[in-house]
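Working notes, structure below.
The values are calculated or read from the model by the stated rules, or taken from the named source; none is laboratory data. Remember, predicted model here, so these are calculated numbers, not experimental data. Here the Cβ positions follow ideal geometry from the backbone for every residue, glycine too, while neighbour counts run over all protein chains shown. Side chains included, ligands, DNA and RNA excluded: accessible areas come from the protein's heavy atoms. Shrake-Rupley method; radii C 1.70, N 1.55, O 1.52, S 1.80 Å.
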Amino acid sequence: MRPPDRPRQPRPARPREGRRRVVIEAVQPQVDCGRFPIKRVVGERVVVEADVFADGHDAVAAALRYRRADEPEWHEVPMEPLGNDRWRGAFTVTEVGRYRYTLRGWVDRFGTWGRDLEKKLEAGQDVSVELMGGARLVARAARRARGEARRALRRWARTLEAGGEEAVAAALDPELRALVEAHPDRRLATAYGRELEVVVDRERARFGAWYEFFPRSASPEPGRPGTLADAAERLSYVARMGFDVVYLPPIHPIGRTHRKGRNNALEAGPGDPGSPWAIGSEAGGHTAVHPELGTLEDFDRFVARARELGLEVALDLAYQCSPDHPWVEEHPEWFRRLPDGSVQYAENPPKKYQDIYPLDFETHAWEALWDELRAVVEFWVARGVRIFRVDNPHTKPFAFWEWLIDDVKAAHPDVIFLAEAFTRPTVMYRLAKLGFTQSYTYFAWRNTKWELEQYFGRDLPAVREFFRPNLWPNTPDILTQYLQTGGRAAFMVRLVLAATLGASYGIYGPAFELMEDRPLQEGSEEYLNSEKYEVRHWDLDRPDSLADFVGLVNRIRRENPALHTDRTLRFHRVDNDQLVAYSKTAEEGPNAVLVMVNLDPHHPQEGTTDLDLAVLGIQPDRPFLVEDLLTGARYLWHGPRNYVRLDPSRLPAHLFRVRADVRTERDFEYFFA
């Protein structure tokens, strides 16, 4: 039997312009095929590469186009061939905000003509016809030009048309090539199908040292809770240590219902202040200051004092409520109910947070909820806050964060959001793609040499176009086993690693510089007598404090541009698994820093380096100087292999500044006289 006729398939339509022959693909950088922007800070370059090619043997040309998002006209830079059809171009971002970039490619007929002409000349062939063809190409370029360029191209065209030796010389003249390239024939140019985006932040998004402390523990007098006025007095101490950002946990009123007691006890004692993250009481919610800390005017004075000292203030943005928060009564639809009618409190099994109600982002009134949460950010921005550390953003919808951050930064592009999301990598990366400026990392739990080299040498570089790490060796929630058992040297090791592996890092103090290492119980990463649940008094003048060491490390960071970036981090070989070595070089200028750390806080370790001298800008046949910026010691090294010994009882790290401009022992004496 004859099979039934099948419906006739529609024929594919012809392209609107079938003469476009150039292909543009494999464009980098871009994130998820351009769905999300890449990130830069003011003054950085955006280096773009792509495969640009055509059928046959014609030469091609390509241009990188860019503009600020609010500019109507494109700027353009030519792309340079790298070989094997790969092309590269670059532009510098100069303002905070958003930029867009895309590419164009076209068949370069004049380039093809010139290339083939040279081959025929080398073969001794007659090129009179080719010179006439070149004259036509130049004449067409003249029609696309204006002014003196048009007149010059017409003169070149007449010279080529006349033929002879003078025409051959003209055909090979770089000046003619440059003039024609400046007026290319783009009638059949291929435009890349996307406009890619760059979010440009201020420098603090890339580089900065953060210090976290609880204002209620800032009182100089034992037994009296601190205030914002006391916290303002402590800012001088923070500034002396060389920090850039002072981060405050929530400063809002704290609820009383189900208030937690000391060490997270279910029942609070009469004087227990509760957790600052249980936000809201009869005194107000997310736009109020806890009465025991002071007033909004006190907060304004705190911000002003910080600004005088060169510090920025970061506030905790915790979108959750105590049972006493005004929203619970005013907007009951914003909270999830259990079958018995009670409100669902927060849980992270087996942990329970009876003093906190999470917001229900699936409420039918989600738009009103979103608007209110945006209003919280706008309230504090109006009071001078430009940095927010966001608590547990991974427990709120991705769509909400994309909207909120885009909306806030549209009006205030200098605002910075730090994501505190210790969760799965895919979730952390998604939050960064959606707009979070910086992100906490797994650094606290990367302690061995292999872990550090894998995480910072492989994992983070793979996501550097959108994920900016901020490294914290401790937080009020995290006291790692390494810090619990390693003593003073462990705190020094983790400080040096955080401050040099990361351009941005932070510590929770004074617990860090005073080396607080007592866990709640064995196997726990919670602090005993945690500040989250009680007021602490800290003796900042303790003789064993690491404050001076912290200040030295921060000064070294500021003075060495190599430590202002994460992009140039490179690991070097050392023949001891307890010793890790890595370097950073300045993206502009000659600065290079080489760091060596003994990861064993209990025993001296020694080994021999195998440095990649090219990374450090060192000629293999020349000596070079290294100056330990922690001690002032200076050494003249030769070649990649050099002996290192680090005793953690004295100092567990070298922080070398590398000097390549030395040739003899006399140079060494001159530089360090």
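With open to solvent by 20 Å² or more (accessible area, probe 1.4 Å) and among the aromatic types (Phe, Trp, Tyr) as the only criterion, which of Tyr237, Tyr211 stands out?
On the way: Tyr211 fails: open to solvent by 20 Å² or more (accessible area, probe 1.4 Å).
Checking each option against the conditions leaves just Tyr237.
Filter region 561-578 down to residues that are in a strand (DSSP E or B) and in contact with a Gly (Cβ under 6 Å, 6 or more places away or on another chain) and give me whichever is farthest from Gly639 (Cα to Cα).
Phe571
When you go through Leu103, Leu131, Leu117, Leu137 one by one, which is the residue that is surrounded by 15 or more Cβ atoms within 10 Å (Cβ to Cβ) and either touching a strand residue (DSSP E or B) at 6+ places or on another chain (Cβ under 6 Å) or over 27 Å from Phe53 (Cα atoms) (or both)? Spell out the reasoning first.
On the way: Leu131 fails: either touching a strand residue (DSSP E or B) at 6+ places or on another chain (Cβ under 6 Å) or over 27 Å from Phe53 (Cα atoms) (or both); Leu117 fails: either touching a strand residue (DSSP E or B) at 6+ places or on another chain (Cβ under 6 Å) or over 27 Å from Phe53 (Cα atoms) (or both); Leu137 fails: either touching a strand residue (DSSP E or B) at 6+ places or on another chain (Cβ under 6 Å) or over 27 Å from Phe53 (Cα atoms) (or both).
Answer to the check: Leu103.
Within region 310-324, the set of residues being within 35 Å of the chain's Cα centre (by Cα) and not aliphatic (A, V, I, L, M) comprises Gly310, Glu312, Asp316, Tyr319, Gln320, Cys321, Ser322. Listed conditions (1) closer than 30 Å to Ala410 by Cβ; (2) modelled with pLDDT under 95; (3) not charged (D, E, K, R) are all met by Ser128, apart from (1).
Being open to solvent by 20 Å² or more (accessible area, probe 1.4 Å) and over 21 Å from the mean Cα position of the chain (by Cα) is the filter; apply it to region 373-395 and report the residue that is nearest to Tyr440 (Cα to Cα).
Step one: list which residues in region 373-395 are open to solvent by 20 Å² or more (accessible area, probe 1.4 Å), which gives 374-375, 378-379, 382-384, 386, 392, 394-395.
Applying the additional criterion that residues be over 21 Å from the mean Cα position of the chain (by Cα) yields 374-375, 378-379, 382-384, 395.
Values: Arg374: 22, Ala375: 25, Glu378: 24, Phe379: 25, Ala382: 26, Arg383: 26, Gly384: 24, Thr395: 15 Å.
Result: Thr395.
Take Phe491 and tell me if it is of a type in the set (A, V, I, L, M, F, W, C), over 26 Å from Asp544 (Cα atoms) and either open to solvent by less than 30 Å² (accessible area, probe 1.4 Å) or modelled with pLDDT under 95 (or both). So Phe491 fails the test. Picking from residues in region 547-560 that are out of contact with any Gly (no Cβ under 8 Å at 6 or more places or on another chain) and closer than 13 Å to Tyr237 by Cβ, the one that is most open to solvent (accessible area, probe 1.4 Å) is Asp548.
Is it the case that region 172-189 has a residue that's more than 30 Å from Arg143 (Cβ to Cβ) and either touching a residue at least 40 places away in the same chain (Cβ under 8 Å) or of a type in the set (Lys, Arg) (or both)?
Taking region 172-189 first, the residues more than 30 Å from Arg143 (Cβ to Cβ) are none.
Looking through region 172-189, none of the residues is more than 30 Å from Arg143 (Cβ to Cβ) and either touching a residue at least 40 places away in the same chain (Cβ under 8 Å) or of a type in the set (Lys, Arg) (or both).
Please indicate, with yes or no, whether at least one residue in region 427-444 is touching a helix residue (DSSP H, G or I) at 6+ places or on another chain (Cβ under 6 Å), part of a strand (DSSP E or B) and either within 28 Å of Lys584 (Cβ to Cβ) or at pLDDT 95 or above (or both). Yes - at least one qualifying residue is present in region 427-444. The lone criterion from (1) farther than 25 Å from Val408 by Cα; (2) among the acidic types (Asp, Glu); (3) open to solvent by 60 Å² or more (accessible area, probe 1.4 Å); (4) in contact (Cβ under 8 Å) with a residue 12 or more places away in the chain left unmet by Asp5 is number (4).
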